[in-house]
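Shown next, in structure tokens, is the structure this report addresses.
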Amino acid sequence: MTDCIFCRIAAGELPSRKVYEDDEILAFHDIHPAAPVHLLIIPRQHVDSLAHCDASHQALLGKMLLLAPRLAQDMGLKDGFKTAIHTGVAGGQVVFHLHIHVIGG
Ligand code: 5GP
Ligand code: ZN
């Protein structure tokens, strides 16, 4: 068993309010939303951060990024939304499993 919160969410060991999942990616509501809509998009595969990605993650990163506008649309964010990827301690990263914030509303 892992102590990574997002790996445990991906494995279904911890609950989350999922809005999307497939064999590679999961998206769910942030537990402490910074806005009316605040989603997190994560890969099922554990990657510490964006700084730990390489060419082997290129397709996965593209897929995660392309999911953001789709989910924003689904959540009714017609006028736009914000995306953020915190990387490393100095980048404000708290959970060291790669994730994209999708914020709006
Ligand atoms: P970051 O690492 O990008 O700075 O922030 C991690 C984000 O994950 C925070 O916005 C925090 O509210 C969210 N978060 C931390 N633990 C959980 C959890 O157990 N479930 C959910 N849904 N979100 C979490
Ligand atoms: Zn993890």
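Data table
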{"quantity": "Partnerless cysteines, meaning none of the other Cys C-beta atoms lie under 4.7 Å away, in the chain", "calculated": "C53"}
{"quantity": "Qualifying trypsin sites (Lys or Arg not before Pro) for region 4-51 [loop in DSSP, other Cβ within 10 Å: at most 10]", "calculated": "R17"}
{"quantity": "Kirkwood Rh, Cα atoms: Rg over Rh of region 5-104", "calculated": "0.93"}
{"quantity": "Amide H within-cut-off set for Y20, under 5 Å, with H built and near neighbours excluded", "calculated": "A27"}
{"quantity": "With every protein chain in place, region 15-105: carbon and sulfur % of accessible area (1.4 Å)", "calculated": "57"}
{"quantity": "Å² of accessible area per residue within region 1-75, as computed with a 1.4 Å probe and no ligands counted", "calculated": "60"}
{"quantity": "Order of exposure, largest accessible area first, which applies to H97, H46 with probe 1.4 Å", "calculated": "H46, H97"}
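The values are calculated or read from the model by the stated rules, or taken from the named source; none is laboratory data. Nothing here was measured: the structure is a model prediction, and the numbers come from that model. With ideal geometry, Cβ positions are generated from the backbone for all residues, glycine too; neighbour counts draw on all protein chains shown. Heavy atoms of the whole protein, side chains included, go into the accessibility calculation; ligands, DNA and RNA do not. Shrake-Rupley method; radii C 1.70, N 1.55, O 1.52, S 1.80 Å.
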